[in-house]
Amino acid sequence: MTLQITSEGNVVIRTPLRTPDSEIEHFFQSRKIWIAKKIKAREVDREIQDSPRNFTEGEKFYYLGGSYPLEITEPNGVRAPLILTHGKFLLTREKAPHAKELFVKWYRNRAREIIGDRVRFWSTRFDLVPTGITITSAWQRYGSCSAQNSLSFSWRLIMAPYEVIDYIIIHELAHIKEKNHSVRFWQYLESLMPEYKKQRHWLRENSHMFRL
């Protein structure tokens, strides 16, 4: 038997067919304390993640799955108002009032570079060629494929690990061949990326971290 806590806080138990109800109940009861701790920890994490961004010293920001603290610094010797270096974001004090705008610009530029490179890599590997690539500001629609096979990706995706970025890219490339989310689409996607469910699960569990 396996147990999963969904992003909504629901408990899902998967069992072999014909498992007695009493055995399932015993399995659940034996893990109640663990379940309660996990749900509470997730609630606390969500409260932290959903709180407004203040762009203050020590606040952490995500990039490629990593978490990096913000340091407000003097402009002396800093080549740009916002950079990521030595495991932290450096923001010049004079530009601090424009922190959000600078972060959006920084993330968008990184997304254009990295996502563009990954699309070209997977496109060549699978012989699925898009007609164009656009970086958007979408909040929850991380990727899309138009009827003309033009791909769009949210810059927020650059906060996720490489494997998750690749999942979204391969998902949208698969739509060049299979336009809707039919059974054939999911079978085709699995043939391209056998572990796609793991990355999709990560995205569902952690997408709240993409706020800015």
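In the chain, helices alone account for a calculated mean residue ellipticity at 222 nm of -14000 deg cm²/dmol, with every DSSP H run of four or more residues adding -39,500 (n - 2.57). For segment 102-210, the alpha-carbon radius of gyration amounts to 1.00 times the rule-of-thumb value 2.2 N^0.38 Å expected for a compact globular protein.
Residues HIS86, HIS181 in ascending order of nearby Cβ atoms (within 10 Å, fewest first): HIS86, HIS181. The ranking of ARG141, ARG110, ARG156 from fewest to most other beta carbons within 10 Å of each one's beta carbon is ARG141, ARG110, ARG156.
Taking a Cβ cut-off of under 12 Å around THR85, the surrounding Lys, Arg, Asp and Glu residues balance to a net charge of +1, with basic ones at +1 and acidic ones at -1. Between the alpha-carbon centres of segment 78-132 and segment 21-42 there is a gap of 41 Å. When the charge dipole of segment 50-133 is built from unit charges on Cβ atoms (+1 for Lys and Arg, -1 for Asp and Glu) and taken about the Cα centre, the candidate among THR73, ASN109, LEU91 whose Cα reaches farthest toward its positive end is ASN109. Of the beta bridges DSSP finds with both residues in the chain, what % are antiparallel, to the nearest 5? Percent antiparallel among DSSP bridges in the chain is about 60.
Between SER191 and THR124, the FRET efficiency estimated from the beta carbon spacing at R0 = 22 angstrom works out to 0.80. Between ILE83 and GLU205, the C-beta separation translates, for a Förster distance of 25 Å, into a calculated FRET efficiency of about 0.25.
Note on VAL12 and SER67: their simple-model spin labels are 2.5 nm apart, each label 7 Å out from Cα toward Cβ.
Other residues whose C-beta falls under 13 angstrom from the C-beta of GLN140 contribute a net charge of +4, scoring Lys and Arg +1 and Asp and Glu -1. For the chain, the Kirkwood radius over C-alpha pairs fed into Stokes-Einstein at 20 °C and 1.002 mPa s yields D = 108 µm² per second. Just add up the charged neighbours of GLU59: K/R +1, D/E -1, any other residue whose Cβ is under 13 Å from the Cβ of GLU59. Here the count lands on +3.
Any read-out appearing in this document is the output of simple, stated calculations on the displayed coordinates, not a laboratory observation. Computed from a predicted model, the values in this text were never measured in an experiment. Neighbour counts run over all protein chains shown; Cβ positions are idealised from the backbone, glycine included.
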